[in-house]
Amino acid sequence: PLANAPLGVIVDSIAKQPADIAILPVADMASHSAEFKPGTSHPIGRVMFGVGMRAGEKAPAMATEAEFKKALAGKTVLINNPAASISGRMVKQVLDKPGFETVKQDPQPNNTALALPNRHNDYVVIGVVPEQIMAAPHVKTVAEVPASLGLKIDFSGGVLAKAKNAALAASFLAYLISPEAQAVWKAGGVAVPIPR
């Protein structure tokens, strides 16, 4: 039930709700290491950020940072609400950098890609590819955000120190990084294992 909750809600729930496993961004695993059984954390995958456009629209070149900035110039970019979303905060940090001055940011309370089909041609969406863009009907991923902009979330999982079913939880984590599960992650748009 917490899969789409803001990160703060999930971290708070680790301490308050019964659970055996938590999956978090790698950086947050380190800062909450006391909540996990030592030696049980495993990197799982990387979710990439992409640019989504309405299906059928022609996408400009966006492979380099310069092309990306040029393609977004004068556009309105739908982003997740930065106050409630780690992905929204990350996209906002990029769009607040020099070179994006003419880009208008339009924060949305839910999955931004779902709002895109009802917008005009000067709108695009930037969000997490698997859970936002791929999940929206009539929207297609036209480019990944260039790697130089650092928009990615590496995530890992670990067995919680309070786990009541620690052995079963460890087996489930082992499954999440198995070749069988990696095929499912890849089909869902997640890079596995985490690229170096």
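Does S156 count as modelled with pLDDT under 95 and of a type in the set (S, T, Y)? Considered against the rule, which asks whether it is modelled with pLDDT under 95 and of a type in the set (S, T, Y), S156 comes out as yes. Take the range 129-169 and flag every residue that is closer than 30 Å to K69 by Cβ, of a type in the set (A, V, I, L, M) and in a strand (DSSP E or B). Those that are closer than 30 Å to K69 by Cβ, of a type in the set (A, V, I, L, M) and in a strand (DSSP E or B): V139, V142, A143, I153.
Filtered by the rule that a residue be open to solvent by 60 Å² or more (accessible area, probe 1.4 Å) and more than 23 Å from Q17 (Cβ to Cβ), the range 151-170 gives a lone residue, K152.
Among the residues of the range 176-192, which ones are out of contact with any Pro (no Cβ under 8 Å at 6 or more places or on another chain), closer than 23 Å to P38 by Cα and open to solvent by 20 Å² or more (accessible area, probe 1.4 Å)? Correct list: S178 only. The residues of the range 114-128 that are assigned to a loop (DSSP other than H, G, I, E, B) and closer than 19 Å to V145 by Cα amount to a single one, D122.
Residue count for the range 1-31, restricted to those that are open to solvent by 50 Å² or more (accessible area, probe 1.4 Å), assigned to a loop (DSSP other than H, G, I, E, B) and modelled with pLDDT of 65 or more: 2.
Just to be sure, is L173 of a type outside the set (D, E), assigned to a helix (DSSP H, G or I), crowded, with 19+ Cβ neighbours inside 10 Å and over 12 Å from the mean Cα position of the chain (by Cα)? Yes: the conditions hold for L173.
Which residues, counting only those in the range 133-150, are open to solvent by 10 Å² or more (accessible area, probe 1.4 Å), within 25 Å of A55 (Cβ to Cβ) and under 13 Å from the mean Cα position of the chain (by Cα)? Of everything in the range 133-150, those that are open to solvent by 10 Å² or more (accessible area, probe 1.4 Å), within 25 Å of A55 (Cβ to Cβ) and under 13 Å from the mean Cα position of the chain (by Cα) turn out to be M134, A135, E144.
Residues in the range 151-170 that are of a type in the set (D, E, K, R) and under 24 Å from Q108 (Cα atoms) were compared, and the one that is farthest from the chain's Cα centre (by Cα) is D154.
For the range 89-113, a tally of residues being closer than 14 Å to K75 by Cα, outside any loop (DSSP other than H, G, I, E, B) and open to solvent by less than 40 Å² (accessible area, probe 1.4 Å) returns 2.
Could you list, ordered by first residue, the pairs with Cβ atoms under 8 Å in which the first is in the range 127-142 and over 21 Å from N81 (Cβ atoms) and the second is modelled with pLDDT under 90 and of a type in the set (F, W, Y), at least 6 apart or interchain? Taking only residues 6 or more apart or on different chains, not a single pair turns up.
Scanning the range 178-194 for residues that are of a type outside the set (S, T, N, Q) and in contact with a Gly (Cβ under 9 Å, 6 or more places away or on another chain) turns up W185, K186, G189, V190, A191, V192, P193, I194.
Residues in the range 49-88 that are surrounded by 14 or more Cβ atoms within 10 Å (Cβ to Cβ) and of a type in the set (G, A, S) were compared, and the one that is nearest to K140 (Cα to Cα) is G52. Restricting the first member to the range 56-76 and to residues that are among the acidic types (D, E), and the second to residues that are assigned to a loop (DSSP other than H, G, I, E, B), the beta-carbon pairs closer than 6 Å and six or more apart or on different chains are E65/P146; E67/A61.
The values are calculated or read from the model by the stated rules, or taken from the named source; none is laboratory data. Predicted model only: the values in this text are computed from it and were never measured. Cβ coordinates were reconstructed from backbone atoms using ideal geometry, including for glycine residues, and neighbour counts include every protein chain displayed. Accessible surface is based on the protein model in full, side chains and every heavy atom, while ligands, DNA and RNA are left aside. Shrake-Rupley method; radii C 1.70, N 1.55, O 1.52, S 1.80 Å.
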